[in-house]
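Here is the structure we will look at.
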Amino acid sequence: MSSDFEGYEQDFAVLTAEITNKIARVPRLPPDEKKQVVANVEKQLEEAKELLEQMDLEVREIPPQSRGMYSNRMRSYKQEMGKLETDFKRSRIAYSDEVRNELLGDDGNSSENQLIKLREERAHLLDNTERLERSSRRLEAGYQIAVETEQIGQEMLENLSHDREKIQRARERLRETDANLGKSSRVLTGMLRRSRI
């Protein structure tokens, strides 16, 4: 079951990396290419949502004692998905503004050019900031997984220790039983010998 989840996880990572790259490129592309990339990103976002749904279904099938770490990873991926959709909306707004200027016959005066450049720079800064935030969330999720794995290992060691104690007590009882049986056997043997005399 976890192997299926990890397969979806890898597909999601590759897909979101492609989407992030394309979103960052949108403001700097020629109009015709922008339209094609925007349509492509919309399609890939839908694919990413479908992957999240599949991963969610896989997590529900995982036993409760192992589900915690996968649930944390899912929360991180859903947050990343929300950020991607926000980035895409911002990118589309910038794209729509440029299309409007072209339709209105804007010849690219200096103030409009400056405004476009400022928007591009702002979008670039936001993109870098959000990438750092996503990286931070991934590190936090990785740390949480490590902590949970350590806790599970500790619980397993404690269970093994309890089992060992139970086995040792059982062995002691067996030894006592053997000793009692030996004594009983000697007593019976003595009684039989006396009865024959």
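Of all residues in segment 47-64, how many are part of a helix (DSSP H, G or I) and open to solvent by 60 Å² or more (accessible area, probe 1.4 Å)?
Of segment 47-64, the ones part of a helix (DSSP H, G or I) are 47-61, 64.
The next check asks that each one be open to solvent by 60 Å² or more (accessible area, probe 1.4 Å); those that pass are 47, 49-50, 53-54, 57, 60-61, 64.
Within segment 47-64, residues that are part of a helix (DSSP H, G or I) and open to solvent by 60 Å² or more (accessible area, probe 1.4 Å) number 9.
If I filter segment 125-134 for residues that are more than 21 Å from F88 (Cα to Cα) and in a helix (DSSP H, G or I), do I get at least one hit?
no
Checking the conditions here, which among R25, R67 is in a helix (DSSP H, G or I) and modelled with pLDDT under 85?
Unique residue meeting the criteria: R67.
Can you pull out every residue in segment 45-93 that is among the hydrophobic types (A, V, I, L, M, F, W, C) and over 13 Å from T16 (Cβ atoms)?
Hits for segment 45-93 are L57, V59, I62, M69, M74, I93.
Return the residue satisfying two criteria in turn: it lies in segment 163-194 and is under 30 Å from M69 (Cβ atoms) and open to solvent by 100 Å² or more (accessible area, probe 1.4 Å), and of such residues it is nearest to the chain's Cα centre (by Cα).
Filtering segment 163-194 down to residues under 30 Å from M69 (Cβ atoms) leaves 163-166.
Narrowing the set further to residues that are open to solvent by 100 Å² or more (accessible area, probe 1.4 Å) leaves 164, 166.
Values: R164: 35, K166: 38 Å.
The extreme case among them is R164.
Taking the conditions exactly as written (in contact with a helix residue (DSSP H, G or I) (Cβ under 8 Å, 6 or more places away or on another chain), surrounded by 13 or more Cβ atoms within 10 Å (Cβ to Cβ) and not charged (D, E, K, R)), does Q44 satisfy them or not? Reasoning before the result, please.
Values: in contact with a helix residue (DSSP H, G or I) (Cβ under 8 Å, 6 or more places away or on another chain): yes; surrounded by 13 or more Cβ atoms within 10 Å (Cβ to Cβ): yes; not charged (D, E, K, R): yes.
Considered against the rule, which asks whether it is in contact with a helix residue (DSSP H, G or I) (Cβ under 8 Å, 6 or more places away or on another chain), surrounded by 13 or more Cβ atoms within 10 Å (Cβ to Cβ) and not charged (D, E, K, R), Q44 comes out as yes.
The values are calculated or read from the model by the stated rules, or taken from the named source; none is laboratory data. All of these numbers come straight from a predicted model, not from anything done at the bench. Neighbour counts run over all protein chains shown; Cβ positions are idealised from the backbone, glycine included. We work out accessible area using only protein heavy atoms, side chains counted, and drop any ligands, DNA or RNA first. Shrake-Rupley method; radii C 1.70, N 1.55, O 1.52, S 1.80 Å.
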